[in-house]
Amino acid sequence: MIGTPDFFTGSDRVFTPDLQEIQTPEGELYLRFFLPSGDEFALPATGIVEVMQQATDRITPIPNASPLLLGTINLRGQVIWVADLGQFLGDPVVLNTDRAEIPVIAIEEQEIILGLAIEQLGEMDWLDVEQLQMSTNIPDRIVPFVKGEWTVKDDLHYAQILRLLNYVAILRSARWAA
């Protein structure tokens with residue numbers, strides 16, 4: 001009906017649908033985000049349970065817990081820890097927790113869930129794993145948690161480094177016991 005010319009009554013215009021080629025995205029889906037220093041990282045969408053803006057007054061601090069942990073939240077009836085990802089990775093800039101909400105990425109591996117508090121959410125992006133490279137410029141403190149990096153161009157065509165995190169290595173790290 002819509003494709004017929006008489007759909008546009010009173011007009012000589014003929015409807016010709018603009019058939020754009022539907023493109024299949026290349027690569028895998030990743031969530032991009034920023035730490036307080038401005039460094040950009042990515043996590044595979046397959047390891048993410050949920051992404052939320054968490055009210056800071058809903059993060060319950062736990063006494064005598066690791067300084068890497070901000071506290072716990074209730075995620076649909078399940079209590080999960082929320083960690084300061086920047087501090088965990090040794091980011092030189094401290095996460096600003098003096099605000100109404102903090103972005104939290106909940107990751108999961110074999111029924112272990114952990115919330116990662118970050119500075120700012122980026123976008124979901126299809127990235128080609130074949131383009132992933134291992135750099136010699138990765139700081140030693142984060143090497144165990146980085147699978148590699150992409151060199152991506154921003155809107156102004158400046159090259160930026162986007163590091164892919166290994167969420168399983170983060171969840172299983174001995175740093176949580178410290």
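Subtracting the Cα-Cα distance of Gln110 and Ile161 from 0.36 nm times their residue separation leaves 15.4 nm of extension gain.
Sorted ascending by nearby beta carbons within 10 Å, beginning with the fewest, Asp57, Asp125, Asp91 become Asp57, Asp125, Asp91. Note on Val168 and Val129: the extension gain reaches 12.3 nm, defined as 0.36 nm multiplied by sequence separation minus the Cα-Cα distance.
The fewest-to-most ranking of Trp150, Trp126, Trp176 by surrounding Cβ atoms within 10 Å reads Trp126, Trp176, Trp150. Among the trypsin sites (Lys or Arg not before Pro) in segment 96-178, those placed in a DSSP loop whose Cβ has at most 10 other Cβ atoms within 10 Å are Arg99.
With 0.36 nm allotted per residue and the present C-alpha distance subtracted, the Ala100-Val143 stretch has 12.2 nm of extension available. Residues Asp84, Asp140, arranged from fewest to most other Cβ atoms within 10 angstrom of their Cβ, appear as Asp140, Asp84.
What does a probe at Glu50 reach in segment 105-145, counting residues whose amide N is under 18 Å from the point 7 Å along Cα→Cβ? The answer is 105-118, 121, whose backbone nitrogens lie closer than 18 Å to the label point. Of the GluC sites (Glu not before Pro) found in segment 80-178, those that fall in a DSSP loop while having at most 11 other beta-carbon atoms within 10 Å are Glu111.
Read the figures in this text as sums done on the coordinates, not as results from a lab. Given the structure is predicted, the values throughout are model-derived calculations rather than measurements. As a convention, Cβ positions derive from the backbone with ideal geometry for all residues, glycine included, and neighbour counts pool all protein chains shown.
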